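J.: My structure is below; once you've seen it, I'll send some questions.
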Amino acid sequence: MIEINSYTTVKRRERVPHEIFAHYWRDVHGPLCSRLAGLGLYIQHHFNRNQDAHLWPLAEGVQEIAGYELDGGVEIGFLSASEQERFKKASPILFSDEQNMFEETLAYDLPQGSRTLVNRLRDETYNGPDRFDRMHVHFSPRASLEQLHAYLSNDLAPALSKADEVVKLVLHPCSAFDNDGAHPPAPDVAHTATPVRSQLAMLEIAFENPLARRRFFESPTFLNTLSAQAENINQLKAFAVSGLYTYVRDGKLTTAGLRGSRAAELIDYLGAVNQLSPEVEKLLLTGAS
């Protein structure tokens, strides 16, 4: 059971082509992170900057967060505080790798954890391009962050999760980001939030396809939330998800965590069950047959 959660936003270096960035993050950085001691949960959500313009309709008075572009979000979790401490002690080797592809990373604590209201996707250990129409929406508060959390948890998220079109909905109610400089020692990687980005709450929502999403946004279920959205949300930004890659779940390595994401895709595609045998896993983990 994950007790300590965080949600990290990532932005690639502009001169690193997106395809190279995505492959390096999946197949080099991902397995490195997943092998560190103490890690209980590790999921990469890759974002697509070129998705269509109808991701989340703005209520009257709500603005889009200007100049806010990301290439992904990361869920990190630990089974206990002691396991988190083990990870921190082992993590310098990970943070030294961030400079190769990240321009910026911001890690938001989730003191109450993440809250899944509905999930009909069976994607707990999914690895690959997203088969569904999924997005992450980042909200900034009209008043206080606490009020926004209460609104999302008690009103908006429960209302949306009841819609037939919504096949997954997860809340990530983040603590305020502190620009105190006490962040991972990643050389030449920025860890400073703008005022609007220092107070955010994140929501993951998924639909079967874009048509289902567009129908949902035209439905009374969504339209009836707009006035309350305007009262509680000041700005927001929606990010389309292109891929979902799970490396560690409940303290256990997935095939992606052990082998790399694309290798895991090939094993799954070809049904190479021999590659999942204990003997092969031991060889890869220890170098001994």
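Bear in mind that the values in this text are calculations on the coordinates, not laboratory data. Please read these numbers as outputs of a predicted model, since none were measured by experiment. As a convention, Cβ positions derive from the backbone with ideal geometry for all residues, glycine included, and neighbour counts pool all protein chains shown.
J.: Please list, in order along the range 93-104, the HN-Hα scalar couplings obtained from phi with the Karplus expression 6.51 cos²θ - 1.76 cosθ + 1.60 (θ = phi - 60°), rounded to whole Hz, x for Gly and Pro.
T.: Karplus-based 3J(HN,Hα) across the range 93-104 equals 5, 6, 5, 5, 7, 4, 4, 6, 9, 9, 8, 8 Hz.
J.: Right, here's the next one. Simple spin-label model, 7 Å along Cα-to-Cβ: Thr221 to Ala159 in nm?
T.: So the two model labels end up 1.3 nm from each other.
J.: Could you list which residues have their amide H under 5 Å from that of Gly113, counting only those 5 or more apart in sequence or on another chain, with H placed in the peptide plane?
T.: Asn5
J.: Treating the beta-carbon of each Lys and Arg as +1 and of each Asp and Glu as -1, no other charges, what is the dipole magnitude of the chain about its Cα centre, to the nearest 20 debye?
T.: Numbers: 28 positive and 37 negative charges, 83 e Å.
That gives a dipole near 400 debye.
J.: For a test of the definition: using alpha carbon positions, the gyration tensor, and the 1.5 limit on a/c, classify the range 229-289 as rounded, prolate or oblate. Let's see the in-between values first.
T.: Values: a/c = 4.56, a/b = 2.73, b/c = 1.67.
In terms of gyration-tensor shape, prolate.
J.: Which far-off residues, 5 or more places away or on another chain, put their amide H under 5 Å from the one on Thr254, with H placed in the peptide plane?
T.: Val248, Arg249
J.: Counting only residues 5 or more places away or on other chains, whose amide H sits under 5 Å from the amide H of Arg12 once H atoms are built in the peptide plane?
T.: Asp71, Glu103
J.: Pairs of lysines 8 or more apart, or on different chains, with alpha carbons under 26 Å: count those in the range 4-286, would you?
T.: Step by step, the pairs that qualify in the range 4-286 add up to 12.
J.: Can I ask one more? Calculate, in nm to one decimal, what Arg131 and Ala107 gain on full extension: separation in residues at 0.36 nm each, minus their alpha carbon distance.
T.: Working: separation 24, 0.36 × 24 = 8.64 nm, distance 2.69 nm.
Between Arg131 and Ala107, full extension yields an extra 6.0 nm.
J.: Which ³J(HN,Hα) values in Hz, rounded to whole numbers, follow from the phi angles of the range 274-289 under the Karplus curve 6.51 cos²θ - 1.76 cosθ + 1.60, where θ = phi - 60° and Gly and Pro get x?
T.: In residue order, the calculated couplings are 4, 6, 9, 6, x, 5, 5, 4, 4, 4, 5, 7, 10, x, 10, 8 Hz.
J.: Here is a follow-up. Can you give the helix-only mean residue ellipticity at 222 nm for the chain, where every DSSP H stretch with n ≥ 4 adds -39500 (n - 2.57) and the sum goes over all residues, rounded to the nearest 500 deg cm²/dmol? If you can, show how the numbers build up before the last one.
T.: Numbers: 12 runs with 81 residues, N = 289.
The helix-only estimate for the chain comes to -7000 deg cm²/dmol at 222 nm.
J.: Mind checking the angle between helix 261-270 and the chain's longest principal axis? C-alpha axes, 0 to 90 degrees, to the nearest 10.
T.: 80
J.: Average the reciprocal distances over every distinct pair of alpha-carbons in the chain, invert the result, and give the Kirkwood radius in Å.
T.: Numbers: mean 1/r = 0.0507 Å⁻¹.
That comes to 19.7 Å for the chain.
J.: I'd like the Kirkwood hydrodynamic radius of the range 122-215, using the inverse of the mean 1/r over distinct C-alpha pairs, in Å.
T.: Details: mean 1/r = 0.0647 Å⁻¹.
Kirkwood radius, the range 122-215: 15.4 Å.
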